[in-house]
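As structure tokens, the structure follows; a few thoughts come after it.
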Amino acid sequence: TTLLLIDCQKDFHPGGSLAVPNADQDAERITQFIHQNATSIHRIVATMDSHHPLHIAHPSFWSDGQGNLPAPFTVISMEDVVEGRWIPREDVKPSARESLLIEDDILGGGIPSELYSTDETGNRQLNMKQWCIEYTRRLEAKGKFSLMIWPEHCLVGTEGQTVVRTICDAMMEWSRKTGGSVEWLNKGQNLLTENYSALCAEVPVTKGTSFNYELLESLKTSEKLIMCGQALSHCVQYTVRDIAEHWPNEEMGKLVVLKDCASTIPGFEDASDKFLSDMVSVGVNVETTETLTL
């Protein structure tokens, strides 16, 4: 049995910058579930939303041309970018350890000629406005959602990025009791794309943001894969959907969503309801900590 804990981090809990109502109660149930089933849980994988301030879905990546940043929960469409209603920063750079924010062979799909310009030394420069036009176009073409600006959250190295204490303590106790070690998976550090799913970015732009088949194949070895975390409407939903889409049909019964260990960002209740309904329809088990037995 594998327990996949999705983004059980302080910023998604009350007091955090993107707090999900009822997440504290979810954390209590997750903690109790780990304590009660420690010897039946053979593997724990914990994903970590991990962002920098200048992320494409954060306010400080954008301005309106007069120095005003978009408020959290602003939706930025491709038309907004084309018309200049929201303007991305042109000075966004990769870290010193990275040479590229985008790898052309990964992006694929007809790269616009305007995406790059050449500076006076002959080096290619990414045109950030053109990238944001292309990014929002690709997002909208998928039909899932447009670009949403979120409050800065889960910034690398901050308190908000850490796992809530009760769950963290339960995982450490599980490790000492069973001899296992928690596997940590960071997602979201590329500045130019979003990672709701732990397996793949919304628009893959580098090898590291492409679909993680290695993780998928390792999860497939589980007799049971139990999934929960925050938020049900977003990162839990899209992680589980990616797994279910690539899971053998005859083994769907191995997948479990703990619906009492994940909550919804207000305003996205319909998305959560549809997600759970869709999962039931393809054979995924939607359970609670009270109904699930290991």
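The values are calculated or read from the model by the stated rules, or taken from the named source; none is laboratory data. As the structure is a prediction and not an experimental result, all values here were calculated from the model. So basically every Cβ, Gly included, is an ideal-geometry build from the backbone, and we count neighbours across all protein chains shown. The accessibility values were calculated without ligands, DNA or RNA, using every heavy atom of the protein model including side chains. Shrake-Rupley method; radii C 1.70, N 1.55, O 1.52, S 1.80 Å.
A few points about this structure:
- Filter pass, Thr206 being open to solvent by 10 Å² or more (accessible area, probe 1.4 Å) and touching a helix residue (DSSP H, G or I) at 6+ places or on another chain (Cβ under 9 Å): yes
- Residue pairs whose Cβ atoms lie under 6 Å apart, separated by 6 or more positions or on different chains, with the first residue in the stretch 32-54 and basic (Lys, Arg) and outside any helix (DSSP H, G or I) and the second open to solvent by less than 10 Å² (accessible area, probe 1.4 Å) and modelled with pLDDT of 95 or more, are Arg43/Thr2.
- Filtering Asp26, Asp7 for residues that are modelled with pLDDT of 95 or more, within 20 Å of the chain's Cα centre (by Cα), at negative phi and of a type in the set (D, E, K, R) leaves a single hit, Asp26.
- Test: residue in the stretch 167-178 that is surrounded by 18 or more Cβ atoms within 10 Å (Cβ to Cβ), in contact with a Ser or Thr (Cβ under 8 Å, 6 or more places away or on another chain), not in a helix (DSSP H, G or I) and not polar (S, T, N, Q): no
Let's see how each residue does on (1) within 17 Å of Trp86 (Cα to Cα); (2) open to solvent by less than 60 Å² (accessible area, probe 1.4 Å); (3) touching a residue at least 60 places away in the same chain (Cβ under 8 Å):
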| residue | (1), (2), (3) |
| --- | --- |
| Glu114 | no, no, no |
| Thr118 | no, no, no |
| Asn123 | no, no, no |
| Leu126 | no, yes, no |
| Gln130 | yes, yes, no |
| Ile133 | yes, yes, no |
| Arg137 | yes, no, no |
| Ala141 | no, no, no |
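- Residues in the stretch 183-194 that are at pLDDT 95 or above and open to solvent by 20 Å² or more (accessible area, probe 1.4 Å): 4 in all.
- Enumerated strands (runs of 3 or more DSSP E) restricted to the stretch 211-294, each holding at least 2 residues that are open to solvent by less than 10 Å² (accessible area, probe 1.4 Å): 225-229, 255-258
- When we screen Asp80, Asp64, Asp49 for residues that are in contact with an Asp or Glu (Cβ under 7 Å, 6 or more places away or on another chain) and modelled with pLDDT of 95 or more, the only hit is Asp49.
- Only a single criterion out of (1) under 25 Å from Leu216 (Cα atoms); (2) surrounded by 15 or more Cβ atoms within 10 Å (Cβ to Cβ); (3) hydrophobic (A, V, I, L, M, F, W, C) is not satisfied by Val164, namely (1).
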